[in-house]
Amino acid sequence: MKRPSASYSNALVSSWATGRGWDHFTGDGQTPAPADHDITTLAPERPDAAPKPVAMTETPLLSIRAGGTLTLTFNRPAKLNAFNFEIAEALIEALRGAEHDPGIRAIVLRGTGRAFSAGQDLEVFQRLAASGERIDIADHLRRTYNVVAALVRRIEKPFIASLNGIAAGVGLSVALACDLRVAADDAELTLGFSKIGLIPDGGASFMLPLLAGLGRALELAWTSEKIGAQEALRIGLVNRVVPAADLEAATQAYAAQFARISPAAIAVTKRAFNRALLPNFERWLDEEADLQQEAADAGDVMEGIRAFVEKRKPAYAQ
Ligand code: T3D
């Protein structure tokens, strides 16, 4: 598996020194991918074929195009598809590639195995922290999940999150940034951030109250309560729930319908809803990153992460 460039990995523990902010990572089409990174499209475009899973154990993001649907699959099943640098980078590149491709009429995000995604890979954070460095979470967010969330909202095509299992932390944030969510009846959702001393990020502090209402959103954020698919449907976090065995087919059928609808109607409707409800979303992501840094600087996050890695309950100072 290809590794991220050293400079990118180090960015997590360095200060945000460029002064360019995170906007240069989004949408401008100018920023080159890191030199050692590429996107692997595992199956060529097959307009008439249903997408078939491709057995790849080392590719962090599987990309399959069938008909007008691009399906991107997080692929670290042994770690419940926890997001590492490779997944974040590959996702950003795949989304940028899709942005101006008129042949792509809908984008599905899903995970292999029993999870959509368990959020940020906490073992990566633990390893970095063990080296004694301060984790620059705001910088990390600006380079990774904020870019993903901004692209998902900005690209004027339907995004569908297909929740095949657990969606936690920033994995759930990415799902919430999508336009639509289909859940398997055994899927589970949890914010998880508060368990490690953090706030919902990757746009979740915006999308969660928007979808679920302020009171329920705060409850879910503060308690990290794990909810099932039916409760998620009841409070508006998912659009539909299907039997687990039908999820893949149901998601693909859901996505395929958008290829039969006017692309202009799809695009301008998303633009209108974005402008009506989320006109300041990208600015909010930036502010949310600063607030996440404040939460991290308060000091509980490292104990939270250590406790997770050591499989014990955290012992926070009272
Ligand atoms: O800048 C920034 O990025 C900051 C942003 C942070 C955003 C976040 O995402 S914070 C929240 C991070 N996510 C979590 O806190 C969830 C952590 N995971 C869990 O609480 C549990 O794993 C689940 C509730 C999701 C599932 O529990 P369970 O019992 O079904 O599975 P498990 O045994 O805990 O996990 C299976 C494996 O996946 C296990 O690995 P092992 O021991 O078999 O080698 C576990 O360590 C690994 N795993 C699960 N989640 C993560 C993970 N490894 C790394 N990072 C994870 N997030």
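Could you list which residues have their amide H under 5 Å from that of residue 186, counting only those 5 or more apart in sequence or on another chain, with H placed in the peptide plane?
244
Taking Cα centroids, how far is region 122-153 from region 83-108 in Å?
Centre-to-centre distance over Cα atoms comes out at 19 Å.
Per-residue HN-Hα couplings for region 231-246, Karplus 6.51 cos²θ - 1.76 cosθ + 1.60 at θ = phi - 60°, whole Hz, x for Gly and Pro?
5, 4, 5, 4, 9, x, 7, 10, 8, 8, 10, 10, x, 3, 5, 9
Leaving ligands, DNA and RNA out of it, report the carbon-plus-sulfur percent of the accessible area of region 152-237 at a 1.4 Å probe.
With neighbouring chains kept in place, the figure for region 152-237 is 58 percent.
Once you've got the Cα coordinates, tell me which of 157/195; 226/270; 79/195; 226/313; 79/313 are over 26 Å apart.
Long pairs (Cα-Cα over 26 Å): 157/195; 226/270.
Whole-Hz ³J(HN,Hα) for each residue in region 209-220, computed from phi via Karplus 6.51 cos²θ - 1.76 cosθ + 1.60 with θ = phi - 60°, x for glycine and proline: what do you get?
Ordered by residue, 3J(HN,Hα) equals x, 4, 7, 9, x, 4, x, 5, 5, 5, 4, 5 Hz.
Mind checking region 203-311 for trypsin sites (Lys or Arg not before Pro) that DSSP puts in a loop (not H, G, I, E or B) and that have at most 15 other Cβ atoms within 10 Å?
Sparse-neighbourhood loop trypsin sites (Lys or Arg not before Pro): 226, 311.
Once the dipole of region 223-265 is set up with Lys and Arg at +1 and Asp and Glu at -1 on Cβ about the Cα centre, which of 251, 265, 233 lies farthest towards its positive end?
265
Would you pull out the residues with amide H under 5 Å of residue 240's amide H, same chain only if 5 or more places away, H placed 1.01 Å from N?
181, 183
Mind listing the phi-derived Karplus ³J(HN,Hα) values for region 304-315, rounded to whole Hz, using 6.51, -1.76 and 1.60 with θ = phi - 60°, and x for any glycine or proline?
x, 5, 4, 4, 5, 5, 8, 6, 9, 7, x, 10
Would you mind working out the accessible area per residue for region 85-154, using a 1.4 Å probe, and quoting it in Å²?
30 Å²
From the Cα gyration tensor of region 110-168, with a ≥ b ≥ c the square roots of its eigenvalues, which class applies: rounded if a/c is under 1.5, or else prolate if a/b is larger than b/c, or else oblate?
Values: a/c = 4.72, a/b = 1.44, b/c = 3.27.
Cα axes put region 110-168 in the oblate bin.
Which distance in nm do the two modelled labels at residue 226 and residue 264 give, with both placed 7 Å along the Cα-to-Cβ direction?
The two pseudo-label positions are separated by 4.9 nm.
Expressed as a whole percentage, what fraction of the accessible surface of region 82-135 belongs to carbon and sulfur atoms when a 1.4 Å probe is rolled over the protein heavy atoms?
Heavy-atom surface of region 82-135 belonging to carbon and sulfur, 1.4 Å probe: 50 percent.
The values are calculated or read from the model by the stated rules, or taken from the named source; none is laboratory data. Since the model is a prediction, treat every value here as computed from it, not as a measurement. For neighbour counting, all protein chains shown are included, and Cβ atoms are generated from backbone atoms with ideal geometry for every residue, glycine included. These area figures cover heavy atoms from the full protein model, side chains too; ligands, DNA and RNA do not enter into them. Shrake-Rupley method; radii C 1.70, N 1.55, O 1.52, S 1.80 Å.
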